[in-house]
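The values are calculated or read from the model by the stated rules, or taken from the named source; none is laboratory data. Predicted model only: the values in this text are computed from it and were never measured. Ideal geometry is used to build each Cβ from the backbone, glycine not excepted, and the neighbour counts take in all protein chains shown.
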Amino acid sequence: MRHWLLHPIIFYPLAIIIAGLAIVVSLRPQSWPRDPAPVSAQRDGQWLVYQGEGFNTPDQGSEEVTVVRDYFGRPLRLRVAQTVGQAAPLPEDEGTRILLSAEDAAVLEGKPVTVEISYNPLPVNAANELSVSLRGSADRAPWATQTAPPETATLRFNLPAQSGVNAIAIRPISNLEDMAYGLEITRIRIMPRT
C-alpha cells in the first residue's frame with residue numbers, strides 16, 4: 001500500500017514548494033547589497049568602534065567594495081579595492097565611506113581625531129598602502145596615507161578637525177595598476193583628540 005504523501009495530488013505540489021524554497025535559499029537574498037545608510041558605532045571608552053554591523057551599509061564610491069557576510073546576512077568584514085588604474089586620492093575624492101550616525105558625528109565635530117584601522121591583506125592582490133580621510137562639509141578634505149605591510153596589522157592615523165563631519169573614508173592604494181588591489185578591513189576605531 002502506498003503512503004499518503006506519495007499520492008500525486010499531494011506529492012507534486014509539495015515537490016514544487018520544496019524546489020522553490022531551495023531556489024530562494026540558494027539566491028541568498030540576505031546577502032544582497034544594501035543602500036548606503038549611516039551606522040552607529042560601538043563604544044569602547046572614548047573610542048568609536050566600527051566592526052561587524054558597522055560595515056553593513058557603506059557608500060561604495062569609485063572603489064570596488066564587498067561586505068563579507070555570514071550565511072544569515074550579518075556583516076563580518078569589509079573588502080575594499082582600488083579600481084584598475086586608479087590614482088592616489090586627491091582631496092576632493094570621496095573614497096569608500098562609512099557613513100556616521102548623527103550622534104557619532106557630533107562626537108567628532110570640529111575635533112582632530114585618531115583613527116586605527118585593523119586589516120587583513122588579501123591573499124593574492126593586497127594593496128601596499130592605505131589612505132584615510134575624515135569627510136565633512138568641506139569639498140576638499142586631506143587624506144593621510146601609510147604603508148600597509150603584507151600581514152595582518154593595525155595602522156594609526158592622526159587626522160585634522162573637520163566641520164560637518166558625516167563619514168570616515170578609506171582608500172587602498174597600490175603602485176601596480178594591472179588589477180584591483182585591496183585590503184580586508186576588520187575594524188575601524190576613531191577617537192577625538194583634545
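Here the strands (runs of 3 or more DSSP E) wholly within the stretch 139-180 that include at least 3 residues being out of contact with any Phe, Trp or Tyr (no Cβ under 7 Å at 6 or more places or on another chain) and touching a residue at least 60 places away in the same chain (Cβ under 8 Å) are 167-173.
Within the stretch 23-46, the residues that satisfy the criterion of being at pLDDT 85 or above, surrounded by fewer than 17 Cβ atoms within 10 Å (Cβ to Cβ) and not in a loop (DSSP other than H, G, I, E, B) are ILE23, GLN42, ARG43, ASP44. Scanning the stretch 153-181 for residues that are polar (S, T, N, Q) and farther than 12 Å from ASN128 by Cα, we see that the one that is surrounded by the most Cβ atoms within 10 Å (Cβ to Cβ) is GLN162.
Inspect all residues belonging to the stretch 55-72 and state whether any of them is aromatic (Phe, Trp, Tyr), assigned to a strand (DSSP E or B), at negative phi and surrounded by 12 or more Cβ atoms within 10 Å (Cβ to Cβ). No, the stretch 55-72 contains no residue that is aromatic (Phe, Trp, Tyr), assigned to a strand (DSSP E or B), at negative phi and surrounded by 12 or more Cβ atoms within 10 Å (Cβ to Cβ).
Consider SER133 carefully, then state whether it is outside any loop (DSSP other than H, G, I, E, B) and under 21 Å from PRO36 (Cα atoms). Judged against the criteria, SER133 is a match. Reported count of residues in the stretch 92-113, each being assigned to a loop (DSSP other than H, G, I, E, B) and either surrounded by 22 or more Cβ atoms within 10 Å (Cβ to Cβ) or under 20 Å from the mean Cα position of the chain (by Cα) (or both), is 4. Scan the stretch 130-151 for residues that are within 23 Å of LEU76 (Cα to Cα) and more than 17 Å from the chain's Cα centre (by Cα) and jot them down. Result: ALA148, PRO149, PRO150, GLU151.
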